[in-house]
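Remarks on the structure that follows.
The values are calculated or read from the model by the stated rules, or taken from the named source; none is laboratory data. Everything numeric in this text was worked out from a predicted model, so none of it was measured. Cβ sites come from the backbone with ideal geometry, for glycine too, and all protein chains shown count toward neighbours. Side chains are part of the model used for accessible areas, which takes the heavy atoms of the whole protein and leaves out ligands, DNA and RNA. Shrake-Rupley method; radii C 1.70, N 1.55, O 1.52, S 1.80 Å.
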Amino acid sequence: MHNHSCSCGHDHHHEADHGERGTRFVFWLTVVTTAAEIFSGWIFGSMALLADGWHMASHAGAMAVAWFAYVWARKNADNPDLVFGAGKVNALAGFASAVGLILVALYMTGESFTRLLSPVPISFGPATLVAVLGLIINLISAWWLRDEDHAHSHDHNLKAAYMHVLADALTSILAIFALLGGKYYGLNWLDPVMGIVGALVIGRWALGLLRETAWVLLDHRADKELHADILRRIEEGGEIRVRDLYVWNVGPRRLAAHVTVEDRTPRPPEYYKDLVAEIAHLEHVTVEVHSCPCPAESADQECPGADHA
């Protein structure tokens, strides 16, 4: 019986220069806008604008976390103590940002209900102007953080930062809508109501991101289509049987796999690795090879490709 394994992977060179530059730029932009919105919301009495400002304040913290994650991952890219590299720090940062988003949503909901029950005077004109400025800044930030490779589903840190900016843009739009409604139609109650609506939408986004990053941190299996593709590539021809297959995310655009195969004529692990070499982002592959049938199977278990009577 042959029983040998081989593990290989690429060097852990960090590929998030765009994400690091983007989060650094958006962080400083958000800090300035946050200060302007919180001060203006307090002076002009707008709950929608104040909520937007505090919302952006939490996002400035999230951007700082994202920035730190990129820097830490870059500095530890070749750290031998990190078995699969430093990539999971991105998912960890995304998870922390999602928790922050949920806390922001809860704060906005509570404060909006307070203002709904106890209205305060609002200076609609100046508050609207500041809200429009905030929206413009958010759109610039979203454009800067866009993923040109459409790979947000892989880089959870960048996705978290991007979602924070989109949430900021949403609260800015709701604030503008509420302020205009109050100014021209006397609908002052729109201001706190839009704060509640924004909180509900942000909370839903945050829960989705929380679930997605949690799966990565818990080494959840990759999607079924990827598993099926690997099985097809290895078992094509009927001579090889895949006994066990595990594929999971270990970082942005980085996948790891452990494969146990049975072969009537066992070959070096590199042979089986070459069968899946063209699968995108599959960087760490461990192959365990057994003769067929494996001793764990019953003695009368037929091998793939065996002659039938």
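General observations
- The number of residues in segment 36-59 being open to solvent by 60 Å² or more (accessible area, probe 1.4 Å) and either at pLDDT 80 or above or among the hydroxyl-bearing types (Ser, Thr, Tyr) (or both) comes to 2.
- Condition check for ALA151: part of a loop (DSSP other than H, G, I, E, B), open to solvent by less than 10 Å² (accessible area, probe 1.4 Å) and either among the polar types (S, T, N, Q) or modelled with pLDDT under 85 (or both): yes
- If you check ARG211, ARG253, ARG264 for being under 28 Å from ALA167 (Cβ atoms) and at pLDDT 85 or above, only one passes: ARG211.
- Applying a threshold of 8 Å to beta carbon distances and a minimum spacing of six or more residues, or different chains, the list of pairs starting in segment 119-131 at a residue that is under 14 Å from LEU190 (Cβ atoms) and ending at one that is of a type in the set (S, T, N, Q) and assigned to a helix (DSSP H, G or I) reads ALA127/SER40; ALA131/SER172.
- Sub-9 Å Cβ pairs linking a first residue in segment 233-258 that is farther than 22 Å from ASP78 by Cβ and of a type in the set (Asp, Glu) to a second residue that is modelled with pLDDT of 90 or more and not in a strand (DSSP E or B), at least 6 apart or interchain, are GLU236/LEU275, ordered by first then second residue.
- Lone qualifier among ARG241, ARG254 - being of a type in the set (D, E, K, R), crowded, with 19+ Cβ neighbours inside 10 Å and closer than 30 Å to ALA93 by Cβ: ARG254
- Note on segment 111-125: residues that are in a helix (DSSP H, G or I) and over 21 Å from ALA60 (Cα atoms) amount to 8.
- Residue match in segment 156-163 (condition: open to solvent by 70 Å² or more (accessible area, probe 1.4 Å) and touching a residue at least 40 places away in the same chain (Cβ under 8 Å)): no
- If you go through segment 173-195 and keep only what is under 18 Å from VAL104 (Cβ atoms), at pLDDT 85 or above and open to solvent by less than 50 Å² (accessible area, probe 1.4 Å), you end up with ALA178, VAL193.
- Test result for ALA62, buried (at least 17 other Cβ atoms within 10 Å of the Cβ), at pLDDT 80 or above, assigned to a helix (DSSP H, G or I) and touching a His at 6+ places or on another chain (Cβ under 6 Å): no
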